[in-house]
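A quick write-up on the structure given underneath.
The values are calculated or read from the model by the stated rules, or taken from the named source; none is laboratory data. Note that the structure is a prediction, hence the values are computed from the model and not measured. No Cβ is skipped: glycine too gets one built from the backbone with ideal geometry, and neighbour counts run over all protein chains shown. Remember, those area values only see protein heavy atoms, side chains included, never the ligands or the DNA or RNA. Shrake-Rupley method; radii C 1.70, N 1.55, O 1.52, S 1.80 Å.
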Amino acid sequence: MRILITGGAGFIGANLAWTLHQRGEDVRVIDNFSTGHRGNLDGLDVEVVEGDLRSFERVATACRGMEVVLHQGALPSVPRSIQDPLTSNAVNVEGTLNVILAARDHGVRRVIFASSSSVYGDLPGMPRREDQPLAPRAPYAVAKLAAERYVLVANDVYGLETVALRYFNVFGERQDPHSGYAAVIPKFIRLMRQGERPSIFGNGENSRDFTHVANVIAANLLALDAQEAPGKAINVAMQNSHSLNELVETLNRLLGTTLEPQYLSPRSGDVAHSMADISLAKQVLGYRPSVDFVAGLERTIEWIAGGLRAPGGDPVAVPPVKGA
């Protein structure tokens with residue numbers, strides 16, 4: 001299968017590239033390396049198209065001859081989107097529209113889009129189901145929802161098979177712990193390994209459905225050919241949640257530290273609680289998460305400690321999945 005991965009040098013995209021190449025698929029990557037890292041692809045024999053999703057010409061070049069597009073490329077981070085909503089919208093919405101139209105024009109069979117749990121916002125009702133109302137609270141979440149709607153509409157109006165996978169707080173190997181917009185888990189691990197106290201916005205009781213990247217990769221592999229998936233938005237998560245206080249407590253145990261968090265004022269745009277219902281993913285994709293919270297943290301700690309960081313190192317191990 002000829003597969004294009006947008007944002008293929010990023011956290012999730014690079015893990016997909018390694019896994020698909022290991023399976024023998026013909027992989028092409030497009031990335032502008034603004035948030036992705038070239039080192040994530042070191043030693044990996046895949047074609048790389050350097051370009052920005054905001055350029056229809058570059059996206060069209062990347063889509064030519066492809067059967068499937070795994071659209072992972074995005075400008076992440078709620079705080080970044082609050083500071084610069086115009087760029088967030090341009091990359092995440094206009095860039096997605098470029099992917100859809102280029103895929104249509106070049107006869108791509110299916111586009112699988114990386115959506116986000118942020119589209120649910122903070123309305124009552126847990127766990128989150130795909131048929132619940134949506135109320136995004138930050139520009140990033142609004143952009144992800146707009147992009148998701150474009151993707152799913154394309155399934156009806158262009159005859160392009162499209163699937164939206166709503167990721168819930170993905171973490172794991174190849175996630176950058178040094179970025180100014182680093183996600184909470186790699187950031188906390190990096191700080192706590194250095195003996196520094198992590199900072200929590202609010203009282204630490206905010207909770208998340210933390211999902212290891214291997215589970216997200218498994219869902220993407222299943223979505224490549226799942227017959228009932230086109231036209232649907234599907235949660236990809238663990239269907240359990242952990243508070244930030246619990247995260248720090250678990251990391252202290254795994255790292256052998258005794259660090260207390262610093263509590264700061266709540267941050268604008270943050271959601272209080274998030275947990276997914278994954279019944280639809282089980283039904284439509286045959287999805288079953290198999291790397292749990294603690295095992296995922298252990299693997300992420302090993303990665304950040306340097307055990308898996310050599311160029312060309314082993315890809316993230318993907319649990320066996322039906323049809324893979």
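This table checks each residue for (1) at pLDDT below 95; (2) buried (at least 24 other Cβ atoms within 10 Å of the Cβ); (3) of a type in the set (Phe, Trp, Tyr); (4) farther than 19 Å from Leu280 by Cα.
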site	(1), (2), (3), (4)
Ser88	no, yes, no, yes
Glu94	no, no, no, yes
Ile100	no, yes, no, yes
Asp105	no, no, no, yes
Asp122	yes, no, no, yes
Leu134	no, no, no, no
Ala143	no, yes, no, yes
Arg149	no, no, no, no
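Count of the range 53-79 residues, restricted to those that are buried (at least 19 other Cβ atoms within 10 Å of the Cβ), within 19 Å of the chain's Cα centre (by Cα) and of a type outside the set (A, V, I, L, M), is 5. Has the range 202-211 got any residue that is closer than 17 Å to Pro127 by Cα and exposed (fewer than 15 other Cβ atoms within 10 Å of the Cβ)? Yes, the range 202-211 contains a residue that is closer than 17 Å to Pro127 by Cα and exposed (fewer than 15 other Cβ atoms within 10 Å of the Cβ). Note on the range 7-53: residues that are in contact (Cβ under 8 Å) with a residue 40 or more places away in the chain and touching a Ser or Thr at 6+ places or on another chain (Cβ under 9 Å) amount to 9. Pull up the range 238-267, narrow it to residues that are closer than 17 Å to Arg190 by Cβ and touching a Phe, Trp or Tyr at 6+ places or on another chain (Cβ under 9 Å), then point me to the one that is surrounded by the fewest Cβ atoms within 10 Å (Cβ to Cβ). The qualifying residue surrounded by the fewest Cβ atoms within 10 Å (Cβ to Cβ) is Thr250.
Out of the range 268-316, which residues are in a loop (DSSP other than H, G, I, E, B), closer than 27 Å to Gln194 by Cβ, open to solvent by 40 Å² or more (accessible area, probe 1.4 Å) and at pLDDT 95 or above? Correct list: Asp292 only.
One residue is enough: does the range 193-201 have a residue meeting the conditions within 20 Å of the chain's Cα centre (by Cα), buried (at least 21 other Cβ atoms within 10 Å of the Cβ) and on the phi < 0 side of the Ramachandran plot?
Let us first name the residues in the range 193-201 that are within 20 Å of the chain's Cα centre (by Cα), namely none.
The answer is no; no qualifying residue exists.
Within the range 151-178, the only residue that satisfies the criterion of being buried (at least 23 other Cβ atoms within 10 Å of the Cβ), over 20 Å from Ser241 (Cβ atoms) and out of contact with any Phe, Trp or Tyr (no Cβ under 8 Å at 6 or more places or on another chain) is Ala154. Condition check for Leu86 on (1) without any contact (Cβ under 8 Å) to a residue 24 or more places away in the chain; (2) under 22 Å from Ala229 (Cα atoms): one failure, at (2).
The set of residues in the range 179-192 that are aromatic (Phe, Trp, Tyr) and surrounded by fewer than 23 Cβ atoms within 10 Å (Cβ to Cβ) contains only Tyr181.
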